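The values are calculated or read from the model by the stated rules, or taken from the named source; none is laboratory data. Note that this is a predicted model, so its numbers are computed, not measured. Virtual Cβ from ideal backbone geometry, glycine too; neighbours counted across all protein chains shown.
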Amino acid sequence: MALLPTTRKASWLILIGILTLGAGEAPQNSKAPAAPAPAGKDGALMVLIPEGSFIMGNNEASGNERPEHKVFLDTYFIDQFEVTISFYAKFLVAAKYPAPPTWDDDAVNQAGNRPAVGLSWEDAEAYCKWAGKRLPTEAEWEKAARGSEGRRYPWGHMQPFVDIANYNRGVWVSDAVTLAPVESGVGGMSVRHGTKEGGRSPYGLYHMAGNAAEWVADWYEREYYQKSPERNPKGPGEGDKRVIRGGSWNDPPAGIRTTARVSAEPDYRDRTLGVRCAMDAPK
């Protein structure tokens, strides 16, 4: 790996210091998320996920989520929010990239803080590369969603409510109506049910359940967990489909669990599909 220029490397070290300041025991108990900070070409807020182990999978769920297994991940960054329509619009112009078939120019002004949907895996990967980032691995996505506590949903084991997750809507209306703002979904749960973190994940990420389902980097294989390496798994070396995580506005509660796995061909597009990006932390 090529070394970062001195000034750039120093900037990264300062950024890591800011993000980890006051984090305490977060690498183990996930209860003190580091403060998000802008990173990448798009300027989106990213959260530092410290290195450490977590339990991936669910022995009580469908076969492709078994067996539960211990995974160690190096430190990485991941977007706090799903990539928005506004951010994706900037990418389309700057990269001269073709818009998805379902793209609505009016939504940039009317619903710019909603997640960009209708993306194929190739679209999602192109955006992350343009931003100087990459797609998260399936393991990175799951750790960021459930932490080291094995949460069934990002907020805990409690079933979802409409004030913390955008799910089970059934019918598409428009970007502005069907999708929730990416920074929403924490107030009602905190007030009505006493959950301090609302719908956020242990590390402070929003909409890791519902709203837009999210492409990740890995090829899909149903039995992959039976042979997955313990450190930094990246999925099978090849395949026909890519993994999708998090569920969407159209999924029932079972589909938005932190361990739920679905897949689709890389060129598949749907109004349920969006993305959030990740980035390596400098060594």
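The number of residues in the range 59-104 being over 15 Å from Gly118 (Cβ atoms), in contact (Cβ under 8 Å) with a residue 12 or more places away in the chain and aliphatic (A, V, I, L, M) comes to 6. Here Lys143 meets each of (1) closer than 27 Å to Tyr224 by Cα; (2) among the charged types (D, E, K, R); (3) surrounded by fewer than 24 Cβ atoms within 10 Å (Cβ to Cβ) with one exception, condition (3). Among the residues of the range 92-126, those that are surrounded by 22 or more Cβ atoms within 10 Å (Cβ to Cβ), in a helix (DSSP H, G or I) and in contact with a Phe, Trp or Tyr (Cβ under 7 Å, 6 or more places away or on another chain) comprise Trp121, Ala124.
The criterion of being under 16 Å from the mean Cα position of the chain (by Cα) and without any contact (Cβ under 8 Å) to a residue 40 or more places away in the chain holds for Ile244.
So for the range 130-152 (the condition being modelled with pLDDT of 95 or more, touching a helix residue (DSSP H, G or I) at 6+ places or on another chain (Cβ under 6 Å), of a type in the set (Gly, Ala, Ser) and not in a helix (DSSP H, G or I)), does at least one residue qualify? No, the range 130-152 has no match at all.
Quick check on my filter: what residues within the range 261-283 are of a type in the set (A, V, I, L, M) and either surrounded by 23 or more Cβ atoms within 10 Å (Cβ to Cβ) or not in a loop (DSSP other than H, G, I, E, B) (or both)? Passing the criteria: Val262, Ala264, Leu273, Val275, Ala278, Met279. Of the residues Glu221, Glu238, the single one that is out of contact with any Leu (no Cβ under 8 Å at 6 or more places or on another chain) and within 14 Å of Glu138 (Cβ to Cβ) is Glu221. Scan the range 172-193 for residues that are assigned to a loop (DSSP other than H, G, I, E, B) and either buried (at least 17 other Cβ atoms within 10 Å of the Cβ) or at pLDDT 95 or above (or both) and the total you get is 10.
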